[in-house]
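S.K.: Got a structure here, written out as structure tokens. Questions coming.
The values are calculated or read from the model by the stated rules, or taken from the named source; none is laboratory data. Since the model is a prediction, treat every value here as computed from it, not as a measurement. Positions of Cβ are generated from backbone atoms using ideal geometry, with glycine treated the same way; all protein chains shown enter the neighbour counts. Only protein heavy atoms, including side chains, enter the accessible area calculation; ligands, DNA and RNA are left aside. Shrake-Rupley method; radii C 1.70, N 1.55, O 1.52, S 1.80 Å.
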Amino acid sequence: MAQAFKPEISIGFGLATATLVYGVYQHALPPITDIRVADQQDHDVEAAERSAAWISAGVVAGVSLLTRDATVFVLGAGMVVLMAWWHRHADQVDPVSGLASMVNLPTRVEATGDTTYEAREAI
């Protein structure tokens, strides 16, 4: 793909495409603060994030093909990666410790019905 526009116009189209990606994520997912305080690895959040990523990738590909400009693709695709990482990271945050972890350990005592949090042991 060659650069089809002057740099000023190309960057403007790229930023507009990045804004479209941001809008898709804002409408498809709950706010980041709500994702961070919810349970880790929420299946609904994961599914919504995947949908938003695919829709955003389609938008970026469509606008990039229409404009035939690499700058539009780079800025739009960079925003897709950034938004996907941001939401996936927020979904991995443990609401008790406030730290992100890929390990989904049980945090409640299920046998007794007690809803207090247990202390986690080091792995």
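S.K.: Can you pull the one-decimal nm distance between simple spin-label points at E8 and W54, each 7 Å off the Cα toward Cβ?
M.R.: Between E8 and W54, the label points sit 4.1 nm apart.
S.K.: Roughly how many percent of the accessible protein surface of segment 34-92 is carbon and sulfur, given a 1.4 Å probe and a whole-percent answer?
M.R.: Within segment 34-92, the accessible surface is 68 percent carbon and sulfur.
S.K.: 7 Å from Cα along Cα→Cβ at both A100 and A38: what's the point-to-point distance in nm?
M.R.: About 1.7 nm, to one decimal.
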